[in-house]
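What follows is a short report on a single structure.
Here, each number is a calculation from the coordinates, and none is a lab measurement. What you are looking at is a predicted structure, and each value in this text was computed from that prediction instead of being measured. FYI the Cβ positions are ideal-geometry reconstructions off the backbone, even for glycines, and counts take in every protein chain you see.
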């Protein structure tokens, strides 16, 4: 992909309960990830059975998918942290390569302290 | 006649105190004491009238002439004394009357009434004393009783410490008083007051100065003058009526002393300037202390300090008459302010939803109004003839009036008429204040001798204070704020332990860690991950104005109930079950039957095997039951010989295990090692900071820093300026702050490493740290998901502040006492190991068990080893914690058995779905347990079919009242509103609300004015007196206004499309099962509760409506269902709502059981007779329910008296709300109709025959059922540990911030859960803590389908957070779904006869 002028990044996708998505987002923020995308109303089937996309009177039990793209150098704390978060709660994490055209968009380091 | 009247006044409280001491019944005592003190107040009023005509009433009973000074004993009353006597008696009567309801059922209420009466009597003895000896005796005895009142909750360590400090201080003050009076009298003088006053001018100057100085010291102590003021805030740890009594009455004795001895004060050289100096320093300091406070009672307490200072300064200036007026005015106002402090939360909630002020104010209006006020004040003063004290009064009154006017005009949209009225009122009140003060002072005939020196000292002191304050605030604002926050504490710099290097050592530790790990980003991520797990141990807590029931262990619902509660016991030290002794009592009383215990034991298998004792075989279950039925762990000591044998038989069996040091924080490890209380100190510091930060909207001078600063950023900015931390270890904190990272996650990582916590243990360490303050941790969890709604405080912020304090304090202690750095390893290594929980059977428990089995010592000695092993196993397995679990299961089994029996054998209901013509109406109520009673009574009253559904009636919206600041979310906590419905502005109503707000703002601004407040309290005392009277004769006028938000159909259209409206309407009707056979009238009845002066008012409202009243939701949905377009679309979806059916909205007031119907005018004329009939039947049903509920309330009031509870400001239990809740039944009404379920069940309508895909059932089980389980678990935990998992007693609560929550007394953690008064009547627990029993009337496969699709729900059932029972519609059989989710659940024990439930 280099010949297309694209830069390699790491894509992390996490599917977790809406209740736990805040912890995931806080972790991404603490790890210096510049942004992420959240998809609510995710449905599917897995270890815990069928998951409906949306319940009428309960917004918290549904599933959320959080997608983040980050430079490879930032992957270690994110993956380590996510592993710890998902150790005792339902959810899955997928890590894969991704190629982006504007790498500076995904390298939002926080100011040094 | 007059002397008899005075003696009568004295006899009243004395006899009340005596009665309280000898009569054991607290309710009777409260009644009689209240009546006696009331009569005393009437007599005191008569006395005042009497002395108005005859200025002095001397009545010497006996003249004593012992060796030394001669003195009289008796009474002596002049106008001022009579006024003071009336004040004390009036306050005592009000406090006793208020306390009778407020403290009903409280342990120690009788003692408190006795002390109040006795303190009143002692103060009256002092006030009417003809001699200094009697005065001193009354003073000292009243002080002693006052200390007893402060120590009402003596079981709390901080109360005991406060009592000790106050006692020492009072001893000093009393000593100074006695010495000063003795000097005045001389060795052989006349100790009579008149003689001392008359001879004051003849005494030597040095003697008068010394005596006066001593009396000033005594007065300073008793009236909390700086620096002897710090005892006063601790009075907040006593019940509210006591605070009112102390702040309004008892602290005034110093003013009384100075006014009574005015001739001595005037004659003593230098005394008056000293009084002015002390008084003004106290007034200024107290005002600043009050300005930084963020809780209502805390602010009031500091304002008392300021007001007492002002009064002393008035005495010092020689304006004794004005001082007397201020004394009385402040006392009445302050009493009212304390007694009504609980209403602050409701007022703040109201203000938040009131119209936004539109600024800036019009300059011309402000100038004109200001000029009018200044002119009124100036003219009045000139008319009176300007005097130094008059000018001072004019400045005070003018400032207060200007502040009020300016604030009232801040809203451009407020009606001009209101602005003019407020300006006129402010001018008139300021002028009236200037006229009335001197007039009253003249009537009191008190001396006035304002001297130039006094005025000069006053002016100089105020000038110095103003300049110093301005300079300090500008240059050292942070340090000045800390000084004020710590109530003027000047630090512990003289202590050798204040090691200035402590902060530097902590800073070095952090620097070293950061240098070692130069990139701390991975650490920050690890911290977040560790916190995600740690945070599970604490549930989010919603602000109190939108009280939301939360399971305190909501984050641990993934783990089984037994394990989660065990962790909570271990980590947080909380109690998670009722004491087993309570369950044994229930077994004895028959509430739990042996069969229930056996069933619970069967469901909790153990390893015990049958044993043979004395030739008889004891089955394992009987053996275990014996261990449960007898107090083997908590019983009386066994006989010595049996115990000795048990010890021998157990010798060498199992070693004791040690506490795992990894479980403790470094602060706790240091505390354990050297006996310090660093953990508690850190708790106090962190809780104080959180209250300052999160409560800052309520402070007049909030903690400095930009508005958008987070908690940690603000703390970093401020912490280094804390010059007087008063605790060793915090000196030099600035050095530590400087090296800590700005990002809280990195700071926590660095601090954890500095404390030597291994990364693997971070999560556990953070859990334990959070659980030290579960209230603030819960708020932090809420704040994290609601950014910007209130002052931000994240769990990371909280932990960063906590660990910083911990490192500093524990570091200092570890260095000084152990000589090691503050790391887990180093402190553990330096500590001698201590034995922890024994892992083996305790000999005493074994001995008790064998005793229970009828085995004596010789037999035990000879038992085979295998038998002893079995007995040991039983003792170990059935540990106290395990026993509690089994007992809980037994209690739940008993309830389930009774519920089934009741449903099986209750009165057969009339057939449902009767002909439409005979049904008066169909009424849909909230599923709330309180609706069960009303439904039952309504069905009995007439042909009404009732249904149950969540009280928001399926429409999750936020409503915003016209022009309001903030909206209200009207949906359960599990949901977020799907739309915001904004009420269309009704110009007249908005104008009226703006006018009301302008008056409120004016009042608040005058009160908050730093200078004007001194005049304000005197004016406000007149209003307070009227309010006190009005509360007695027309309390209903003080009930908070009902939520009158009334969005129209047009407003609804603006928020939701027609399709969305139809979607929610259909979902609601289908979930209820009401899709056909509509009656001509359908009532949607929400619920709300009217209560007054109640911070927990929202807890009584509808949980399904987000802690709001349900009437608004009912109106919205009724309007929606009445729309022809909606009906047309519904018909297209198979729901034919006939055109001649009208949907009506109503609201059930659960305190009064009255039902208010809305928009009756819109009902078609042909249905009016039906509405009238329904109204009558609802009234009948309400009366029936009141009669039923009255029998369950403390003291069994008459049913009609329940109506009063809504407007009773002293009522701590307006109703029982959801106490007793135990089951959730989703079924057709046929299953439950006609059965008295005791207002303990949530009733949700459900008809499985219309729900083939379990869609409706899924909605019920994932929404209302989960909310019901949370409510149930909140009640459960608030009952089993009311002090840690509940909010403790309401009587010491103080409202924090802008309706954020409450604190207890003088500080501490933010309170969580429900107050003690919601779950018990003081002597017994009213709520029976059982986990929710869900009863679903549906085929098993439908329930299994729902469970299969919803893992979170399955976890609740499998983990034992609630129990689930399926009622088979075909057979009526009850099948439990056991924890663990077995698909082949055993049937529950059958009732006496099986019945078919299907109609």
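Summary table below
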quantity	calculated
Inverse of mean 1/r across different Cα pairs in the protein assembly as shown, Kirkwood, Å	35.6
Chain B: angle of helix B:843-852 to the longest principal axis, Cα-based, in degrees nearest 10	60
For residues of B:1352-1359, the mean tally of beta carbons on other chains within 10 Å	2
Sequence of B:284, B:22 once ranked by neighbouring C-beta atoms within 10 Å, starting from the fewest	B:22, B:284
Whole-number percent relative contact order across the stretch B:936-1068, with pairs defined as alpha carbons under 8 Å at least 6 apart	26
Peptides B:349-359, B:808-818, A:63-73, B:377-387 ordered by average Cβ neighbours within 10 Å, highest first	B:808-818, A:63-73, B:349-359, B:377-387
Ordering of B:401-412, B:550-561, B:450-461 by packing [mean C-beta count within 10 Å, highest first]	B:401-412, B:550-561, B:450-461
Length gained when the stretch residue B:918-residue B:60 is fully extended (0.36 nm per residue, less Cα-Cα span)	300.7 nm
Sites residue B:468 and residue B:1128 - FRET efficiency at Förster radius 51 Å, r taken between beta-carbons, to 0.05	0.10
Computed over chain B: relative contact order in percent, which uses C-alpha pairs under 8 Å that are six or more apart	13
Shape call, the stretch B:722-802: gyration tensor on alpha carbons, a/c limit 1.5	oblate
Cα-based shape type of the stretch B:281-347, given that a ≥ b ≥ c are square roots of the gyration tensor eigenvalues and the cut on a/c is 1.5	oblate
Per-residue Cβ neighbour rank within 10 angstrom, fewest leading, B:326, B:1136, A:29	B:1136, A:29, B:326
Helix-derived mean residue ellipticity, 222 nm - over chain B, DSSP H n ≥ 4, -39500 (n - 2.57), to 500	-18000 deg cm²/dmol
Exposure proxy ranking, count of Cβ atoms within 10 Å, fewest first, for B:444, B:807	B:444, B:807
10 Å Cβ neighbours from other chains, averaged over peptide A:68-79	2
Square roots of five times the Cα gyration tensor eigenvalues for the stretch B:1-130, Å	29, 17, 10
Rounded to 5, the percent of DSSP beta bridges in the protein assembly as shown classed as antiparallel	60
Peptides B:245-256, B:5-16, B:1043-1054 ordered by average Cβ neighbours within 10 Å, highest first	B:245-256, B:5-16, B:1043-1054
GNM flexibility winner over chain A from A:31, A:43, A:101 (Cα, springs under 10 Å)	A:101
Residue-averaged beta-carbon neighbours from other chains (10 angstrom radius) around A:19-27	5
Per principal axis, descending, Cα span of the stretch B:1024-1117 in whole Å	57, 29, 26
Between helix B:26-53 and chain B: long-axis angle, C-alpha atoms, 0 to 90°, nearest 10	30
Chain B: angle of helix B:320-339 to the longest principal axis, Cα-based, in degrees nearest 10	0
Over the stretch B:681-797, relative contact order from alpha-carbon pairs under 8 Å, at least 6 apart, %	30
Value of D in µm² per second that Stokes-Einstein yields for the stretch B:126-174, Kirkwood Rh from Cα pairs, at 20 °C (1.002 mPa s)	185
Distance between modelled label sites at residue B:1191 and residue B:382, nm, 7 Å Cα→Cβ extension	7.5
